[in-house]
Structures are given as C-alpha cells and as structure tokens.
Amino acid sequence: MMKRMIFMVATLTTLAIAGQADAACFADYKAKRDDPLRLHYGVIKLPDAVCDDTASAKAEIKTRLLAHEWQLLNVLSVFADDGLEKREDSAGEFFLRF
C-alpha cells in the first residue's frame, strides 16, 4: 500500500512539473523611439529559459526591441498565458509583435 502511495505521489509530481514546462511565459512592457518621440505598450512572448529570471527577461526584451529600433523603458510584469486576454486590447498593434 505504501509503495502504491509513493508511486502515485511521484507520478502526480512529474505530471505537475511537465505541465509547468509547457506553460507559456509573456511580459508586458513600455518602449520608446526618438525623433520623433513615439511610445508604446506591448506584450511579448518569452522563451521558457528566462521566465523565472527578471534580469534575463528584461535582457531578452531589450535585445528584441533594439532589433526594431525601439528602446525598452521598463518591464511591467512577467505572466503566464492566462493574463494575455486582458492585455490584448491595450497592446493593440504591439500585442505579440516582437
């Protein structure tokens, strides 16, 4: 009986960890472009490797924005896909653009 219980707990733990690995990670941010000044709020999908590290997430966003001549002002939050829908309208054309 005890071996069965340990096996069930191990199986459930493995499934929970696998589910987390498949979860998507996103961030919302503010950026600017000069001459003329333009500002935007956006939402970006991040690689799993940077989801748990704010500095890495910020570096990833900064690099991707710079490739399109945008300067990162700040990262507002990093969140899972359950936060996407409420941010889509606010991000407009910058929703998952970069």
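The values are calculated or read from the model by the stated rules, or taken from the named source; none is laboratory data. Quick caveat, the model's predicted, so the values are computed rather than measured. Cβ: placed from backbone, ideal geometry, glycine included. Neighbour counts: every protein chain shown. SASA here: full protein model, heavy atoms, side chains in, ligands and nucleic acids out. Shrake-Rupley method; radii C 1.70, N 1.55, O 1.52, S 1.80 Å.
Remarks
- Matching residues, region 31-64, being of a type outside the set (D, E, K, R), closer than 20 Å to GLY83 by Cβ, open to solvent by less than 90 Å² (accessible area, probe 1.4 Å) and outside any loop (DSSP other than H, G, I, E, B): ALA31, HIS40, TYR41, GLY42, VAL43, ILE44, LEU46, VAL50, SER56, ALA57, ILE61
- Residue among ASP89, ASP53 that alone is modelled with pLDDT under 95 and of a type outside the set (Lys, Arg): ASP53
- Any hit, region 67-82, residues being part of a helix (DSSP H, G or I) and surrounded by 13 or more Cβ atoms within 10 Å (Cβ to Cβ): no
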